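Q: Please find one structure pasted underneath; my questions will follow.
The values are calculated or read from the model by the stated rules, or taken from the named source; none is laboratory data. This is a predicted model, so every value here is computed, not measured. Cβ sites come from the backbone with ideal geometry, for glycine too, and all protein chains shown count toward neighbours. Each accessible area value is taken on the protein alone, full model and side chains, heavy atoms only, with ligands, DNA and RNA left out. Shrake-Rupley method; radii C 1.70, N 1.55, O 1.52, S 1.80 Å.
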Amino acid sequence: MSDPGSMASGAAGSAEGPGDAARAPEQALFPPAFSVSEIKNKQRRHFMFLRWKQQQRKEKLANKKKRRKEREALGDKAPPKPVPKTIENQRVYDETTVDPNDEEVAFDESTDEFAPYFNRQTIPKILITTSDRPRGRTVRFCEQLSTIIPNSHVYYRRGLALKRIIPQCISRDFTDLIVINEDRKIPNGLVLSHLPDGPTAHFRMSSVRLRKEIKRKGKEPTKHQPEVILNNFTTRLGHSVGRMFASLFPHDPQFIGRQVATFHNQRDYIFFRFHRYIFRSEKKVGIQELGPRFTLKLRSLQKGTFDSKFGEYEWIHKHREMDTSRRKFHL
C-alpha cells in the first residue's frame, strides 16, 4: 500500500507549471558532503556528475572574474599572481644538477668523448641504419631523418651484426651511428652510439609522425645546416645526453635557411621537433613544422660502443626503483 504523503507530493510536483521551473535556480546546490558515487543508478549518477562538473566550472570562472576585478581596482598595489603548482616546479632536487660555473663539470666536459667535436677537431658524419628487414614506415622515417641531419648516410642492414658494422664505421671516419629498431612495422627504439669511444644510449621511441601525417606542414627541408636547441637538460646525465644530440649536427648553423632542430626534455621525455622560421613582418615571427617528429625516453647509457653482452653501463632505467615518485626526474 502506497504512502498518501508521497502520492500528494508527487502530484504537487507534477502540477508545477513552466513558470515555476523558470523561477527555479539554474545551479544545482550540492551539499558539502555530497558524493556522486553513492547514487546507485548509473544513468542518474552520470547525469549528476556532469551537473556537478558544470557547477564547479561556473564557480571557478566566477572566482576568476572576481579576482581580476579586485586586481584592476587595486592597480599597482595588487599582490603578485600566485605561481601555479606543477610537477616541474615541485621537482625533487637532484644532487647531480649541473651548475654552469662548476669547474669540475667544465673540466669533465673538456676531457670527455665529445671534446673533439666541441673543440672543432672533428666534423660530424652520421650513419643511419635499421634493424633487419625494415618495413616501409621505418624506411621512410630513416630517409626523412637523413634530410634533417647534415652529412648523414642511410644503410640498410641485411643480417649484419652491429659489432661488425662499428669497426667499418670507424675506418670510414663516421662519428656517430644511429640504429632505428621497429616492432610490428612501427619504429619503437633508437640506439645512438658515438664513435670511436662511445658512449652508447638506448632510447624507447614513440609518437612517430612522418611528414605526410603532420597537419599544416611546410615545404621540404632545404640543405642548409639547421640551428640546434637543447632545452631543460640540467643534470649530469642530462648534459651527457644533450651533448650526444649536439654532436650530430655541424658547427656554424646557416641561419639563412631558417631551420631549427629542437630537443625538448620534459619529465624525462625528449620531444624532437623540426621547424622553419616564418617572418611575417619586422616584429612578428612564426614557426612552421617540417617534420618528422618523435618522442624519446632514455632506457640506458653504456660506456664505449655498443656491446650487449660485456658492456659496462653508466645508467640503467629501473622502473620499480626509480619511478617511486612522479616528481623525481633524471635528465
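Q: How much accessible surface area, in Å² rounded to 10, belongs to the heavy atoms of residue 205 with a 1.4 Å probe?
A: 10
Q: Taking the alpha-carbon distance from residue 64 and a cut-off under 16 Å, which lysines remain once sequence neighbours fewer than 8 residues away in the same chain are dropped?
A: Of all the lysines, those that pass the test against residue 64 - Cα under 16 Å, at least 8 places apart if same chain - are 81.
Q: Which of the residue pairs 215/283; 163/297; 163/185; 185/212; 219/284; 85/297 have a Cα-Cα distance greater than 28 Å in the structure shown?
A: Distance filter (> 28 Å) returns an empty set.
Q: Taking all protein chains in place and a 1.4 Å probe, what share, in percent, of the accessible surface of segment 170-236 do carbon and sulfur account for?
A: It is 46 percent, rounded to a whole number.
Q: While we're looking at this one, here's another question. Rank 68, 140, 120 by mean-square fluctuation in a GNM of the chain with C-alpha springs under 10 angstrom and give only the top-ranked residue.
A: Between 68, 140, 120, it is 68 that shows the largest mean-square fluctuation.
Q: Which is farthest toward the positive dipole end of segment 114-182 among 175, 130, 144, measuring Cα position about the Cα centre, with Cβ charges +1 (Lys, Arg) and -1 (Asp, Glu)?
A: The one lying farthest along the dipole's positive direction is 130.
Q: Need one word for segment 270-322: rounded, prolate or oblate. Basis is the Cα gyration tensor (sqrt eigenvalues a ≥ b ≥ c); a/c below 1.5 gives rounded, then a/b vs b/c decides.
A: The shape class here is prolate.
Q: For helix 162-171, what angle does its Cα long axis make with the longest principal axis of the chain, in degrees from 0 to 90 and rounded to 10?
A: 50
Q: Just to be sure I understand: with springs between alpha-carbon atoms less than 10 Å apart, which residue in 110, 240, 37 has the highest mean-square fluctuation in the Gaussian network model of the chain?
A: Its mean-square fluctuation being the largest, the pick is 37.
Q: Leaving out same-chain residues fewer than 8 places away, which aspartates and glutamates sit with a Cα under 20 Å from that of residue 65?
A: Straight-line reach from residue 65, under 20 Å: 26, 76.
Q: Quick one: ranking 36, 179, 154 by accessible area, 1.4 Å probe, largest first, what do you get?
A: Heavy-atom accessible area, descending, gives 154, 36, 179.
Q: Another one. Residues of segment 271-294 with backbone nitrogen within less than 11 Å of a virtual label 7 Å along the Cα-to-Cβ line of residue 214, please, listed as ranges.
A: Under cut-off, by backbone N: 272-277, 288-294.
Q: List, in order, the whole-Hz ³J(HN,Hα) value for each residue of segment 36-47 obtained from phi through the Karplus relation with A = 6.51, B = -1.76, C = 1.60 and θ = phi - 60°; use x for Gly and Pro.
A: Working through the residues one at a time gives 5, 5, 6, 6, 7, 5, 5, 5, 5, 5, 5, 4 Hz.
Q: So for 206, 131, what's the accessible-area order with a 1.4 Å probe, most first?
A: 206, 131
Q: Once you place label points 7 Å from the Cα toward the Cβ at residue 197 and residue 172, how far apart are they in nm?
A: The answer from the label model is 2.4 nm.
Q: Please report the antiparallel percentage of DSSP beta bridges with both residues in the chain, rounded to the nearest 5.
A: Counting DSSP beta bridges with both partners in the chain, the antiparallel share is about 75 percent.
Q: Let a ≥ b ≥ c be the square roots of the eigenvalues of the Cα gyration tensor of segment 78-158; is it rounded (a/c under 1.5), or, if not, prolate (a/b larger than b/c) or oblate?
A: Since a/c reaches 1.5 but b/c is at least a/b, the shape of segment 78-158 is classed as oblate.
Q: Could you tell me which of rounded, prolate or oblate describes segment 69-215, using a ≥ b ≥ c as the square roots of the eigenvalues of the alpha-carbon gyration tensor, with rounded for a/c under 1.5 and, failing that, prolate when a/b is larger than b/c and oblate otherwise?
A: Oblate shape, in that a/c is at least 1.5 and b/c is the bigger or equal ratio.
Q: Further, regarding this structure: Show the residues, 5+ positions off or on another chain, whose built amide H is closer than 5 Å to the amide H of residue 125.
A: For residue 125, the qualifying residues are 175, 176.
Q: For the chain, what is the accessible area per residue in Å² when the probe is 1.4 Å?
A: Computed with neighbouring chains in place, this is 67 Å² per residue.
Q: A further question follows. Carbon-plus-sulfur fraction of the accessible area of segment 241-306, 1.4 Å probe, in percent?
A: Here it works out to 52 percent.
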